[in-house]
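The values are calculated or read from the model by the stated rules, or taken from the named source; none is laboratory data. Because the structure is a prediction, the values reported are computed rather than measured. All Cβ positions, glycine included, derive from the backbone under ideal geometry; neighbour counts span all protein chains shown.
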Amino acid sequence: MRYQDLDFKSLSPTPVRKPVSVRSIPRPPARWLLIGVMPLVGLALLAALSDGAAKVGDSTAKADRLHYSLELPGSTAETADVDAARERPTTVPDSSPSAPASRAVEPVPAEIPQTEATPTEPSQDQATVAAEAAADSKAEDWTEIEVRPGDTLAAIFDRAGLKPSTTHEVANLNEQTRQLRRIRPGQKIALLIDDSQKLSQLRYMPSLTETLVIKRQADQSLSSEIINHPLDAVPVFKSGVIESSLFEAAAVSGIPDNIIMEMANIFGWDIDFALDIRKGDRFSVVYNELYKEGTRVRSGQILAAEFVNRGKVYRALYYTDPKGNSGYFTPDGKSMRKAFLRTPVKFSRISSRFTGKRWHPVLGKWRSHKGVDYAAPRGTPVRASGDGKIIKAQRSKSYGNVVFIQHGGRYTTVYAHMKGFARGIRKGKRVRQGQIIGYVGSTGYATGPHLHYEFRVNGVHRNPLTVKLPAAAPINPAYLDDFRNKTRKQLALLELAREQSLARLDDDQP
């Protein structure tokens with residue numbers, strides 16, 4: 001049995017009444033009935049015409065409704081609210097001309113969903129999503145290919161489905177695109193190919209700071225451009241104290257190998273890092289760390305450096321004059337660069353020094369040795385110690401493969417026992433300081449791979465390790481004020497690094 005089938009009024013006690021005979025009830029006069037009914041009809045008509053509103057009928061079947069409001073077991077306040085909303089009348093506007101232009105309408109119950117009008121233009125979020133979707137769709141058209149070992153541009157284009165003529169067209173377009181002939185494994189090339197299987201665009205990064213872009217124009221010709229990505233330079237300063245070797249001290253201080261090598265080159269004019277270094281020597285260096293989008297890429301230029309060797313202080317500052325000429329100078333404007341390199345080869349050791357009397361291992365007799373022998377692995381590059389003109393480049397019985405370079409009117413340098421000459425090295429050719437002229441070997445009277453190096457002043461042999469080398473030109477006096485202004489910050493950072501080094505020495509002392 002359902003709750004709806006119960007008649008709760010029948011549960012209350014009903015008094016028992018005696019049956020009354022119909023005949024015992026007096027019949028009222030007809031005029032009384034008319035007088036009693038007329039007011040009821042009038043009230044009904046007034047109720048129908050008042051307020052211009054009608055009560056909305058309840059669509060719930062009477063048999064399905066309880067006679068009384070009853071809180072059933074398990075019911076909640078939400079159920080009561082719904083029942084109240086169901087019983088609450090809703091007014092609707094009157095369509096008669098006499099009705100007001102605007103009337104208050106009771107709120108629609110919460111359970112009835114309300115719909116909003118759909119905007120005719122997309123919202124900002126929708127536009128963003130659409131743009132991202134379009135970008136993703138466009139990105140899917142690009143094909144990114146990683147260069148494999150042994151790959152060529154032709155092989156990459158073939159895998160992408162491009163014709164062989166495209167390879168020739170791209171590789172020979174101009175000087176910029178010729179670097180695609182030197183692609184390396186691990187690099188990536190992005191290709192955009194159109195519906196007709198023609199190359200539309202190409203992107204290639206030969207380095208972290210450059211992107212090569214090739215595009216097909218409206219007339220079907222190709223064009224190229226190099227997009228540069230500048231790196232952010234952040235100056236840092238570090239210092240160290242030598243206990244056993246320069247490179248170990250640099251490693252302890254966290255200085256990269258390329259920076260310490262560059263520092264050795266800067267001071268290499270005045271300090272022989274193979275012979276002059278002593279325990280307790282200290283150094284400080286200020287250099288740039290290069291970043292791309294917040295990620296460190298590599299070490300950059302040395303801005304300032306200091307080296308204290310046997311108590312003597314050497315300082316170098318990097319400066320670029322208004323004409324674009326750059327170099328390292330002392331704080332008073334003198335060039336750190338000398339007219340000659342102290343050593344023309346990166347050597348392992350000195351196998352024979354400059355001396356007036358030496359036992360010759362090949363000739364088997366005593367004779368003078370008018371140069372310095374630098375032992376180095378076979379094939380090590382040999383560099384010109386200064387600007388000059390080659391006056392000899394030949395093979396000799398005793399010297400083997402030898403080069404003579406004339407530097408102005410007073411100086412001559414000799415490079416002997418080389419394995420061979422560098423490309424283009426011949427008599428009469430002018431060379432620049434540091435240019436490779438040959439490679440370490442053991443030709444001529446030699447028992448092992450080394451470079452025999454001589455330094456002559458006005459034709460007289462001088463000891464290359466001790467001869468006083470002429471200095472390069474100092475800063476133009478017209479640029480001295482500019483030099484001081486630009487290097488003031490570098491000097492301040494160098495002083496901080498120096499104080500850091502001295503403080504470290506104080507901490508290490510007992």
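A few remarks follow.
- Residue selection: residue 425 satisfies the criterion of being part of a loop (DSSP other than H, G, I, E, B) and either touching a His at 6+ places or on another chain (Cβ under 7 Å) or closer than 16 Å to residue 381 by Cα (or both).
- Count - residues of the stretch 277-295 that are among the small types (Gly, Ala, Ser) and assigned to a loop (DSSP other than H, G, I, E, B): 2
- Meets criteria (of a type outside the set (S, T, N, Q), buried (at least 17 other Cβ atoms within 10 Å of the Cβ) and part of a loop (DSSP other than H, G, I, E, B)) for residue 437: no
- If you go through the stretch 245-276 and pick out every residue that is assigned to a loop (DSSP other than H, G, I, E, B) and either surrounded by fewer than 18 Cβ atoms within 10 Å (Cβ to Cβ) or of a type outside the set (Val, Ile, Thr) (or both), you end up with 11.
- Spans of strands (runs of 3 or more DSSP E) in the stretch 149-244 with at least 3 residues of a type in the set (Ser, Thr, Tyr): 199-207
- Some residue of the stretch 114-125 being modelled with pLDDT of 90 or more and in a loop (DSSP other than H, G, I, E, B): no
- Verdict on residue 386 being part of a loop (DSSP other than H, G, I, E, B) and in contact with a His (Cβ under 7 Å, 6 or more places away or on another chain): yes
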